[in-house]
Each structure stands twice: as structure tokens, then as C-alpha cells.
Amino acid sequence: MALCLGDGSTMIEITRFTELDTEIKSALKGFIKNEFGHIPIVKQTEWASPDWTVIYFVGNQIATFYNIIEREISIDGKESKVAGINNVITPKEFRGNGYASKLLSETENLIFEKLKSEFGVLLCADSLIPFYEKLGWYKIDCPVYFKQSVGERLWGANTMLLTKGKKVTPTLVKLNGLPW
Ligand SMILES: CC(C)(COP(=O)(O)OP(=O)(O)OC[C@H]1O[C@@H](n2cnc3c(N)ncnc32)[C@H](O)[C@@H]1OP(=O)(O)O)[C@@H](O)C(=O)NCCC(=O)NCCS
């Protein structure tokens with residue numbers, strides 16, 4: 001699925017992860033490894049595989065991208081369909097041009113309309129909170145559990161939500177699988 005933006009030199013492509021072109025997949029893998037590959041907690045954790053990849057192309061170059069994991073998670077005991085967002089990355093040479101903000105806001109409806117999710121959910125470090133807040137995401141302050149082969153674990157950093165309507169304040173979240 002491709003959406004054209006602006007003058008035709010930029011394009012957003014939304015692709016099932018399993019259908020990504022091999023070269024693109026390996027380029028994305030390289031960007032992810034560069035950004036997060038050296039972080040001990042990233043190396044020590046088992047992560048979910050994405051269902052979708054959303055890429056913003058400038059010409060034929062990857063200017064920014066992110067992945068989506070579709071999941072039914074448990075929020076205060078109720079199962080809710082969510083779109084988990086991860087690996088939001090703008091390659092260094094494209095940073096500071098508003099590309100990540102633009103991609104996330106332009107594709108917000110993907111979460112609610114096409115994927116019929118009730119929430120966007122992302123797990124992030126403290127420093128990124130203001131960036132996502134500007135885009136309408138908000139931090140929740142409750143325990144968030146995820147699965148690993150060794151059992152259930154408590155997420156130690158931040159969890160942010162995106163909702164279409166009013167903000168929610170859950171008291172317990174279970175991701176019902178690997179984190180993203
Ligand atoms: C975060 C990131 C995706 C932003 O991409 P971008 O295309 O440059 O984003 P935009 O131009 O839309 O917005 C840039 C804003 O993000 C902020 N930002 C970027 N990286 C940041 C960081 N590590 N900590 C805090 N703020 C950060 C910038 O200060 C800027 O804020 P401003 O709008 O108030 O000036 C990019 O810096 C990146 O790939 N970082 C490394 C990977 C990463 O940490 N991803 C987030 C995973 S949760």
C-alpha cells in the first residue's frame with residue numbers, strides 16, 4: 001500500500017513485514033542494528049517480530065521508518081486490540097527535518113482505521129517522551145508486563161499510548177507476548 005505525499009518526490013509505503021523487498025529489509029536491519037544493537041538491555045531481551053513496516057521515502061532513499069506489531073493486550077483485565085510501534089528511526093543524515101513527526105502523524109489513522117486498533121502503544125526511553133507528547137502520545141504510570149522464554153517480566157522504562165478519544169489511566173497492562 002503506498003500513499004503519495006506532496007510533490008511526488010516523497011512517498012509513504014505501508015508494507016507487511018513479510019512482504020518487504022529483501023534489500024529494503026536488510027537496509028532497515030542495518031539502521032536498527034546501528035541505533036540499538038549495542039544497548040545491553042536490547043541485546044538481552046527477546047523482541048516481537050513486526051507485522052507492518054511504514055517507510056517515508058525521499059526520492060528512493062529511506063528518510064524515516066517504523067514498525068507495527070498487532071496484538072491483543074490486556075488493559076485492566078480487558079483485551080484490547082493495539083498497534084505496537086517500534087524502531088522509529090530516521091537515518092542520521094535525514095534527522096531534524098520533521099520526517100519522523102510527519103510520518104507518525106500522517107499514518108496515525110492506520111492504527112485506528114485500517115488496523116482497527118483501540119490504542120497505539122510504544123515503549124520508550126525517558127528522553128523521547130517530549131518528542132512523542134508533541135504528537136499526541138501520553139505516558140501511562142502503571143506496571144506493564146511482557147513475556148520472555150524465562151517467564152513474565154516487568155517493563156522498566158516508559159509506556160506511552162495514543163488514543164483517538166479521551167486519555168485512559170490504566171492500573172495494569174499485560175502485553176500478552178514479547179515486547180516491541
Ligand atoms: C527520534 C528520531 C526518530 C527523530 O527523527 P527526526 O526525523 O529527526 O524527527 P523530527 O525531525 O520529526 O523531530 C525531531 C525532534 O526529536 C527530538 N529528538 C530526536 N532524538 C531525540 C533524543 N534522543 N532525545 C530527545 N529528543 C530527541 C529532537 O530534539 C527534535 O525535537 P524538536 O522538534 O523539539 O526540535 C531520530 O532522532 C532517531 O532515529 N533517533 C534514534 C533512534 C531512536 O531513538 N528512536 C526512537 C525509538 S522510541
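Given the criterion farther than 18 Å from L161 by Cβ, in contact with a Gly (Cβ under 9 Å, 6 or more places away or on another chain) and without any contact (Cβ under 8 Å) to a residue 60 or more places away in the chain, identify the matching residue among K43, K29.
Details: K29 fails: in contact with a Gly (Cβ under 9 Å, 6 or more places away or on another chain).
Going through K43, K29 in turn, the sole match is K43.
What are the residue pairs meeting all of these: first residue in segment 84-105, first residue without any contact (Cβ under 8 Å) to a residue 24 or more places away in the chain, second residue outside any loop (DSSP other than H, G, I, E, B) and within 6 Å of the ligand (Cβ to nearest atom), Cβ atoms under 9 Å, and 6 or more apart or on different chains?
R95/T64
Can you list the strands (runs of 3 or more DSSP E) lying wholly within segment 93-180 that have 1 or more residues being in contact with an Asp or Glu (Cβ under 7 Å, 6 or more places away or on another chain) and surrounded by 14 or more Cβ atoms within 10 Å (Cβ to Cβ)?
Of the strands (runs of 3 or more DSSP E) lying wholly inside segment 93-180, those with at least 1 residues that are in contact with an Asp or Glu (Cβ under 7 Å, 6 or more places away or on another chain) and surrounded by 14 or more Cβ atoms within 10 Å (Cβ to Cβ) span 144-148, 158-163.
Within the bounds of segment 2-21, is there any residue that is closer than 30 Å to R153 by Cα, within 14 Å of the ligand (Cβ to nearest atom) and in contact with a helix residue (DSSP H, G or I) (Cβ under 9 Å, 6 or more places away or on another chain)?
no
If I ask for residues that are of a type in the set (S, T, N, Q) and either farther than 21 Å from F146 by Cβ or in contact with a helix residue (DSSP H, G or I) (Cβ under 9 Å, 6 or more places away or on another chain) (or both), which ones from segment 24-82 would you list?
S26, N34, S49, T53, N60, Q61, T64, N67
Residues in segment 5-51 that are acidic (D, E) and buried (at least 16 other Cβ atoms within 10 Å of the Cβ): how many?
So the count comes out to 3.
Among (1) within 15 Å of R16 (Cα to Cα); (2) more than 9 Å from the ligand (Cβ to nearest atom); (3) of a type in the set (F, W, Y), which single condition is Y66 missing?
Tallying (1) within 15 Å of R16 (Cα to Cα); (2) more than 9 Å from the ligand (Cβ to nearest atom); (3) of a type in the set (F, W, Y), Y66 fails exactly one: (2).
Filter segment 92-150 for residues that are on the phi > 0 side of the Ramachandran plot, within 14 Å of the ligand (Cβ to nearest atom) and more than 15 Å from the chain's Cα centre (by Cα) and give the result.
Once the filter is applied, which keeps residues that are on the phi > 0 side of the Ramachandran plot, within 14 Å of the ligand (Cβ to nearest atom) and more than 15 Å from the chain's Cα centre (by Cα), segment 92-150 yields G96, G98.
Give the residues of segment 73-91 that are more than 6 Å from the ligand (Cβ to nearest atom) and over 17 Å from L123 (Cβ atoms), sorted by residue number.
The answer is D76, G77, K78, E79, K81, P91.
Only the coordinates and a few stated rules stand behind these numbers; no lab work does. Owing to the predicted nature of the structure, the values given are computational and were not obtained by experimental measurement. Cβ sites come from the backbone with ideal geometry, for glycine too, and all protein chains shown count toward neighbours.
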